[in-house]
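The values are calculated or read from the model by the stated rules, or taken from the named source; none is laboratory data. Note that the structure is predicted; figures quoted are calculated from it, not measured. Heads up, the Cβs are rebuilt from the backbone with ideal geometry, glycines too, and the neighbour counts pull from every protein chain shown.
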Amino acid sequence: MPELDALDRRIIDNLQGDFPLCDEPYAVAARQLGISGEELLERLRRLLDTRVLTRFGPLVHIERMGGAFVLAALQVPDGRYDEVADLVNALPEVAHNYRREHALNMWFVLATEAQDGIAAAIARIEEATGLPVHAFPKEREYFVEMKLAARA
């Protein structure tokens, strides 16, 4: 893990909500941090490039935009885990992927622009891996606001 300085930690702490919605949001956020917009963008790029942050952007309700998402899982033989992870992660529909200590040891989120995209993505994963995909559609949604402090 790269070393974070005090400004990196302030950026992470301050940009976890209430990001400005305006014509120049990075300039406004940078002013609130006491830095230039260019420095903010450079630091965000570095935090993303070094995987301190895995993403930076809005969370949207894809269903309200005509899309779909589903939690999915695979039972992957240990000897094939890295190979299957590479195949699954290569799909643009895969938002993120987690290894779990369970019979279903690979969990991932599929997100598509259209409702029928989920079935197509599942079919491509099954064809590429030779493994059945177990899909778990959302039954209910809960809002849990989670903010993580970047500590030294």
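With the checklist (1) at pLDDT below 95; (2) farther than 30 Å from Arg10 by Cβ in hand, flag the one item Leu59 doesn't pass.
So Leu59 meets the others, but not (2).
Quick check on Ala72: is it in contact with a Gly (Cβ under 7 Å, 6 or more places away or on another chain), within 25 Å of Leu110 (Cα to Cα) and surrounded by 11 or more Cβ atoms within 10 Å (Cβ to Cβ)?
No.
From the list Leu110, Leu148, Leu71, Leu104, exactly one residue is in a loop (DSSP other than H, G, I, E, B) and under 28 Å from Leu15 (Cβ atoms). Which is it?
When all the criteria are applied, what remains is Leu148.
If you take the residues in the range 46-68 that are touching a strand residue (DSSP E or B) at 6+ places or on another chain (Cβ under 6 Å) and outside any loop (DSSP other than H, G, I, E, B), which one is surrounded by the fewest Cβ atoms within 10 Å (Cβ to Cβ)?
Checking each candidate, the answer is Ile62.
For the range 1-28, which positions are closer than 20 Å to Arg151 by Cα, part of a helix (DSSP H, G or I) and not acidic (Asp, Glu)?
Ala6, Leu7, Arg9, Arg10, Ile11, Ile12, Asn14
Given the conditions (1) modelled with pLDDT of 95 or more; (2) in contact with a helix residue (DSSP H, G or I) (Cβ under 9 Å, 6 or more places away or on another chain); (3) not in a strand (DSSP E or B), and given that Leu91 satisfies all but one, which numbered condition is not satisfied?
The number of the failed condition is (1).
Output the number of residues of the range 88-110 satisfying the condition of being of a type in the set (A, V, I, L, M, F, W, C) and farther than 12 Å from Ile122 by Cα.
6
Report the residue count in the range 131-152 for those that are surrounded by 10 or more Cβ atoms within 10 Å (Cβ to Cβ) and of a type in the set (Gly, Ala, Ser).
Number of matching residues: 2.
Report, by residue number, each residue of the range 95-108 that is surrounded by 11 or more Cβ atoms within 10 Å (Cβ to Cβ), in contact (Cβ under 8 Å) with a residue 24 or more places away in the chain and out of contact with any Leu (no Cβ under 6 Å at 6 or more places or on another chain).
Ala95, His96, Leu104, Asn105, Trp107, Phe108
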